[in-house]
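*Asks:* The structure is given below, and queries will be raised subsequently.
The values are calculated or read from the model by the stated rules, or taken from the named source; none is laboratory data. No experiment lies behind these values; they were computed from the predicted model shown. Neighbour counts run over all protein chains shown; Cβ positions are idealised from the backbone, glycine included. To get the accessible areas, we keep the full protein, side chains included, count just its heavy atoms, and leave off ligands, DNA and RNA. Shrake-Rupley method; radii C 1.70, N 1.55, O 1.52, S 1.80 Å.
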Amino acid sequence: MSDPARLDRLPEWAALAGHREEVAGVHLRDLFAADAGRADRHVLRVGDLHIDYSKHLVTDETLRLLRELAKARGVAELRDAMFRGEQINVTEKRAVLHTALRAPRDAVIEVDGVNVVPAVHAVLDKMASFARRVRSGEWTGATGKRIRSVVNIGIGGSDLGPAMAYEALRPYTARESAVRFVSNVDGADLHEAVRDLDPAETLFIVASKTFTTIETITNATSARGWLLAGLGADAGEEAVARHFVALSTNAEKVAEFGIDPANMFEFWDWVGGRYSFDSAIGLSLMIAIGPERFRELLDGFHLVDEHFRTAPAEANAPLLLGLLGVWYGAFFDAQSHAVLPYSHYLSKFTAYLQQLDMESNGKSVDREGNPVDWQTGPVVWGTPGTNGQHAYYQLLHQGTKLIPADLIGFARPVAELGPELAAQHDLLMANLFAQGQALAFGKTAEEVRAEGIAEEQVAHRTFRGNKPTTTILAAELTPSVLGQLIALYEHKVFVQGAIWNIDSFDQWGVELGKVLARRVEPALTEGAAVPGLDASTAALVAAYRSLRHE
Ligand code: F6P
């Protein structure tokens, strides 16, 4: 089990700190020049993923020392405890079993002595039957019309996963119907999502683990009003039952809202919100891509779960990627991590990872509540690669910050592009490879001078290089590959939390803002006095109220 002793007092940590001094002057150019086999040796194949980590600021010794650190921190033991269903979410006293959501039907995974796999598959079967009925037109709205639009109302983990995957797997979706996602409590979000929809053809999926999240309940209530107004005077509760389903762990609250419990798809408190996308929370995606493709996605997750659980440390991709992040955070003062997909379909992938990583590892006390004195989770950011190249890559190349990055790309464009657009694919990927190359190897002053550049320009046109990247390639972005990619990141985040000895599965940091918003709201709407309101916020509230009347 994870050693709660201070990380930075471990001999393994000291060994890494010393080693960092030794490699301080080493450039990736030297590492490759000295080792003809580096590019071939620093590659892992996990399922369909080809993971190249050769362009990292590490030697074999670095990797060995990092693995020693993982051993000292009991990463493998904590991993096994997670897979066994132990309560590793210590502050909420919960098991962490998103891995059970994608386990095969015959697996046995127990929580408090009960095998949860049959319940997981019972919900998947119920989802599949519902998805088939919606897709075939058998499930109709209250007026008998076929459902053509699905609107998922949820936020955070009840939105980002399906929204990201819907984009990622668009070529696999039933194109004749659309899924939209509403998350923001800004009424404009719901307005824009439904303004051109026919209520008679619209199905709302209210996704909320707790069913108490104010944004979601507010939007769901407004959506209900929109539906009933749109269907006309006769529409009542029976209409709501045809147009609203719920995804939740909280049957009581779902019933209170007025959704028929028969139309509720259940999940469990051992599924964290940001790890819930392959639970019932994926229903909108399942309706879009069909149950078979959804299963392929789950099998992709499971494949990487098994890899993480069983692969030896030297060949364990999530372990390796997690350790590399620890290395840069601790010894290079890296503050952020860029995820740069060279795929238009992955446009929401980084936003999804932001919650996964930053809500999990944005912590500053350890599992016992002691302040930590080392870097924890990085700022995760990024957008699809080529767009970023014309925006912020300048800073990656020549700025003063070290920002490790993941470059993600696919060998084949999606089939439906047709020959002309598919021909653009090599250009897209050439950009990915070029960026990895430029970031790693840069361009020396001598190389710039050799091009005949005037001396006063040389410094400006020099690229120091030595910027680490991981390149992740797969043949094609399929449902399975998407599942593999997400599970890779999930377990990477797990590894880092284990090393830092933080609880990666709670999220107390989001609570204070929620409480304060509830307290401040009456001041905005009614001008009510808020006892104890600080002077700055009180002045802003006053300015807000006066601006409103300008
Ligand atoms: O932001 C806090 C949070 O609890 C997330 O962890 C969660 O994904 C999101 O809110 C939505 O919660 P729920 O699914 O309960 O509505």
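*Asks:* Along Cα→Cβ, 7 Å out, is where each label goes; now give me the distance between the ones at Glu455 and Val90 in nm to one decimal.
*Replies:* Between Glu455 and Val90, the simple spin-label model gives 6.2 nm.
*Asks:* State the percent of C-alpha pairs, over all pairs in the chain, separated by a distance greater than 45 angstrom. Display every interim value, and only then the final one.
*Replies:* On the way: 30698 of 150975 pairs.
I get 20 percent for the Cα pairs in the chain exceeding 45 Å.
*Asks:* Of Lys363/Lys467; Lys363/Lys514; Lys253/Lys348; Lys253/Lys492; Lys126/Lys492, which sit over 23 Å apart, Cα to Cα?
*Replies:* Lys363/Lys467; Lys253/Lys348; Lys253/Lys492; Lys126/Lys492
*Asks:* Shifting gears a bit: Would you please give the FRET efficiency between Asp80 and Ala119, computed as 1/(1 + (r/R0)^6) with r the Cβ-Cβ distance and R0 = 30 Å, to the nearest 0.05?
*Replies:* 0.85
*Asks:* How much net charge surrounds Ser208 when only other residues with a Cβ under 14 Å from its Cβ are counted (Lys, Arg +1; Asp, Glu -1)?
*Replies:* -2
*Asks:* Spelling out what I want: for every residue of the range 413-428, take phi, set θ = phi - 60°, compute 6.51 cos²θ - 1.76 cosθ + 1.60 (Karplus), and round to whole Hz; glycine and proline get x.
*Replies:* Computed from phi, the couplings for the range 413-428 are x, 5, 4, 6, 5, x, x, 5, 6, 4, 5, 6, 5, 5, 5, 4 Hz.
*Asks:* While we're looking at this one, here's another question. Subtract the Cα-Cα distance of Glu238 and Gln394 from 0.36 nm times their separation in residues, and report this length gain in nm to one decimal.
*Replies:* 50.5 nm
*Asks:* Under the 0.36 nm per residue contour assumption, what length would be gained going from the current alpha-carbon distance of Asp186 and Leu421 to full extension?
*Replies:* Details: separation 235, 0.36 × 235 = 84.60 nm, distance 3.69 nm.
Difference between extended and current length: 80.9 nm.
*Asks:* In debye, nearest 20: dipole of the chain around its Cα centre with unit charges on the Cβ of K, R (+) and D, E (-)?
*Replies:* With only Lys, Arg, Asp and Glu charged at Cβ, the dipole is about 380 debye.
*Asks:* Right, next: For the chain, which whole-number percentage of the solvent-accessible area (1.4 Å probe, protein heavy atoms only) is attributable to carbon and sulfur atoms? The partial results should precede the final answer.
*Replies:* Values: 12680 of 23680 Å².
Reported share for carbon and sulfur atoms: 54 percent.
*Asks:* Order of 291-302, 529-540 by packing, highest average Cβ count within 10 Å first?
*Replies:* Going from most to least packed, we get 291-302, 529-540.
*Asks:* To continue, here is another question. Please state the charge dipole magnitude for the range 386-473, taken about the Cα centre, from unit charges on C-beta atoms (+1 on K and R, -1 on D and E), reported in debye and rounded to the nearest 20.
*Replies:* 300 debye
*Asks:* Peptides 384-394, 21-31, 271-281: what's the order by average Cβ count within 10 Å, highest mean first? Walk me through the numbers before you get to the answer.
*Replies:* Working: 384-394: 15.8, 21-31: 13.7, 271-281: 26.7.
Highest to lowest by the protection proxy: 271-281, 384-394, 21-31.
*Asks:* Order these peptides, 36-43, 87-94, 316-323, 408-415, by their mean beta-carbon neighbour count within 10 angstrom, highest first.
*Replies:* Numbers: 36-43: 12.6, 87-94: 16.0, 316-323: 25.4, 408-415: 18.1.
Averaged packing, sorted descending, gives the order 316-323, 408-415, 87-94, 36-43.
*Asks:* Suppose every K and R has +1 on its Cβ and every D and E has -1 on its Cβ; what is the size of the dipole of the range 332-399 about the Cα centre, in Debye to the nearest 20? Don't skip to the answer; put the middle values down first.
*Replies:* Working: 3 positive and 6 negative charges, 63 e Å.
The calculated dipole for the range 332-399 is roughly 300 debye.
*Asks:* To continue, here is another question. List the residues, sorted by chain then number, that are 5 or more residues from Ala246 or on another chain and whose placed amide H is less than 5 Å from its amide H.
*Replies:* Amide H neighbours of Ala246: Val206, Met264, Phe265.
*Asks:* Within the set of other residues whose C-beta is less than 15 Å from the C-beta of Asp196, count the net charge using Lys and Arg as +1 and Asp and Glu as -1.
*Replies:* Overall, the nearby charge balance is -1.
*Asks:* Which FRET efficiency, nearest 0.05, do Ser336 and Ala251 yield, Cβ-Cβ r, R0 25 Å? Don't skip to the end; give the middle numbers.
*Replies:* Working: r = 41 Å, r/R0 = 1.62.
Efficiency, from the Cβ-Cβ distance: 0.05.
*Asks:* In addition: Provide the FRET efficiency to the nearest 0.05 for the Phe32-Ala538 pair, computing r from the beta carbons and using R0 = 60 Å.
*Replies:* Plugging the Cβ-Cβ distance into 1/(1 + (r/R0)^6) gives 0.50.
*Asks:* For the range 59-74, take each phi angle, set θ = phi - 60°, evaluate the Karplus expression 6.51 cos²θ - 1.76 cosθ + 1.60, and give the result in whole Hz per residue in order, putting x for glycine and proline.
*Replies:* Coupling constants for the range 59-74: 10, 4, 5, 4, 5, 5, 5, 5, 5, 4, 4, 4, 5, 5, 8, x Hz.
*Asks:* Here is a follow-up. When the chain is fully extended, how far beyond the present Cα-Cα distance does Lys71 get from Ser364, taking 0.36 nm per residue of separation?
*Replies:* Net length gain for the segment: 103.2 nm.
*Asks:* Taking K and R as +1 and D and E as -1, what net charge do the other residues with C-beta under 12 Å from the C-beta of Glu138 add up to?
*Replies:* Summing Lys/Arg as +1 and Asp/Glu as -1 gives +4.
*Asks:* Something else now. Under a crude label model (7 Å from the Cα following the beta-carbon direction), how far is Ala174 from Arg133 in nanometres?
*Replies:* For Ala174 paired with Arg133, the spin-label model returns 1.3 nm.
*Asks:* Give me the 1.4 Å probe accessible area per residue for the chain, excluding ligands and nucleic acids, in Å².
*Replies:* 43 Å²
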